[in-house]
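S.K.: The structure under discussion is supplied below as structure tokens; questions concerning it will follow.
The values are calculated or read from the model by the stated rules, or taken from the named source; none is laboratory data. These numbers come from a predicted model, not from an experiment. Don't worry about glycine lacking a Cβ; one is built from the backbone with ideal geometry, like all the others, and counts go over all protein chains shown. Keep in mind that these areas ignore ligands, DNA and RNA; they rest on the heavy atoms of the full protein, side chains included. Shrake-Rupley method; radii C 1.70, N 1.55, O 1.52, S 1.80 Å.
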Amino acid sequence: MPLAICYYGRPNIVGVYRRRAETAMRQRNNGEMSEIEVENINEIVISQRQARRFLVARQRYRANSSPFIGIDGVKDAIDYLGAVQVDPINPFARNHDQVLFSRVAEYNPALLDTMLYQQRAGFEYYCNALCVLPMVEYPFFATHMREVQAEYRMTPEVATAAQVVLAKLHNEGALMARDIQSGQRAAAWWDGGIAQSRVEKVALDVLHFTGQVMIESRQAGQRSYNLTERLVPKALLRQEVGVAECQDFMMDKFLRAYGLSQSTLFRFGWGRTPKREAKAQLHRFLEQGRAVAVNIEGVKRRYYCHFNHVPQLLADEGLPEGAEAVFVAPLDNLLWDRDRLLDLFAFHYRWEVYTPVAKRTYGYYVLPILYGENFVGRIELRACREQNALEIAKLWLDDPRLEVQDAIWRTATDIAKRLGLELTDGKGWLKC
């Protein structure tokens, strides 16, 4: 087995570990080192179980003793995770609320609204997709926004609507798309080339994407926008970040957020850098000791890890199989890479919400169930608010042990309590 080498933090520490690695290799090879070994000095070899434990522990789920609690915990969790993906579909709770509920004690959606729209400690912009991001990172994303604005070409009708929207925002303050009704239609990116969305809605979406407006609040699921300069702290607006610094930041943020990542992901690096340049940037991170290549036993794909994570990755600390399971939200950070789920957990997951009914394998809004370091099944929950009930609509168990079923029941009961609903299992899916 190749010698496992890791880099820790500061440049002088990197040098210490490099010298120790070279010494160990020379001792093993009677004083000589091959070119291959020199190239592999920034690689580590781990087992699949190590990789699973690391990835699950990195998520800091409440089931594994998360430190996050209350409104401060919401901010800390978002800072720690790097990004929380936003999605409006609400069978019992929205994706971003599910992600935070599974990590933050005493969480409720009002806490996120307070953090975003009153404290202004975060903002919504595109990262992995539309995400909640820490406000302190705005200057880096602003560089990205300026690049997008310089390159983006609106259609004439959208450009005209954008000017009307900006003038109205400037003169009257925050507005929603429904506040302007010209009756004109345009094709949004979600329309598949067909002009079927209100042109004002399309214009606001483009202005948000190009950084000229931001989401000020949400009311009953509807976005309210305002001019960016009214929502971002002035000190952050004044802070300028160059393109190279922005790209460096995005790669660093990406590696931290993913924990273990493959370079073939279409979102790799989170920047606007072409794939070839992103891979060259990754190579520089490897040369500088800011990232390490990770070879996982029994896995063909090569993964990469931020150097700060290496001690935790190599520690191989166990996870508790205890009181609760985790119902993992469909766009949870752990599920961002579906290939990784197959490689490390032998678990195939597809969110079938946009899959035609006849082609679904499981159901509309099915969540993977995590217990300890393993996925043990899938569950579909449905809120029936007229009956004041949270229903276990369907359940698929790969591990039917009673302790697993007990953990699932406790987690479902906890979610129902948070929602102010009663848990029902009318079809008797659980035998506990």
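S.K.: Where the accessible area of region 238-293 is counted over protein heavy atoms with a 1.4 Å probe, how much of it, in %, is carbon and sulfur?
M.R.: C and S fraction of accessible area: 49 percent.
S.K.: How would you rank 128-139, 225-236, 363-374, highest first, on the average number of other Cβ atoms within 10 Å across their residues?
M.R.: Values: 128-139: 19.2, 225-236: 15.2, 363-374: 21.8.
Ranked by mean Cβ neighbours within 10 Å, highest first: 363-374, 128-139, 225-236.
S.K.: Continuing with this model, one more query. Roll a 1.4 Å probe over the protein chains and send me the accessible area per residue for the chain in Å².
M.R.: Per residue, the chain has 47 Å² of solvent-accessible surface.
S.K.: Also: With every protein chain left in place, what is the accessible area of residue 176 in Å² (1.4 Å probe, nearest 10)?
M.R.: 10
S.K.: So what is the calculated 222 nm ellipticity per residue for the chain, using -39500 (n - 2.57) for each DSSP H run with n of 4 or more, over all residues, to the nearest 500 deg cm²/dmol? Please list the in-between numbers first.
M.R.: On the way: 16 runs with 171 residues, N = 432.
Counting only the DSSP helices, I get -12000 deg cm²/dmol.
S.K.: Going by amide H atoms built from the backbone, whose H comes under 5 Å of the H on residue 84, apart from near neighbours?
M.R.: 132
S.K.: Sticking with this one: How many angstrom separate the Cα center of region 105-159 from the Cα center of region 261-336?
M.R.: About 24 Å separates the Cα centre of region 105-159 from the one of region 261-336.
S.K.: Over every pair of different alpha-carbon atoms in region 79-135, take the mean of 1/r and invert it; report that Kirkwood radius in Å. If you can, show how the numbers build up before the last one.
M.R.: Working: mean 1/r = 0.0867 Å⁻¹.
With all distinct Cα pairs of region 79-135 included, I get 11.5 Å.
S.K.: What number, in percent, do you get for the relative contact order of the chain if the mean sequence gap of Cα pairs under 8 Å and at least 6 apart is divided by its residue count? Intermediate values should be presented prior to the final figure.
M.R.: Values: 688 pairs, mean separation 72.2, N = 432.
Relative contact order for the chain comes out at 17 percent.
S.K.: Give the Rg (one decimal place) followed by the Dmax (whole number) of region 131-231, computed from C-alpha coordinates and expressed in Å.
M.R.: 13.4, 39
S.K.: Report, to the nearest whole %, how much of the accessible area of region 351-413 belongs to carbon and sulfur atoms, 1.4 Å probe, protein only.
M.R.: 51
S.K.: Related question: Using a 10 angstrom cutoff on alpha carbons, build the Gaussian network for the chain and name the most mobile of 118, 85, 247.
M.R.: In this elastic network of the chain, the residue with the biggest mean-square fluctuation among 118, 85, 247 is 118.
S.K.: On to the next question. Of all accessible surface on region 75-187 at a 1.4 Å probe, what whole percent is carbon and sulfur?
M.R.: 50
S.K.: How long are the three semi-axes of the equivalent ellipsoid for the chain, computed from the Cα gyration tensor as the root of 5 times each eigenvalue, in whole Å, largest first? Before the final figure, lay out each step's value.
M.R.: Values: eigenvalues 287, 205, 72 Å².
Those come to 38, 32, 19 Å.
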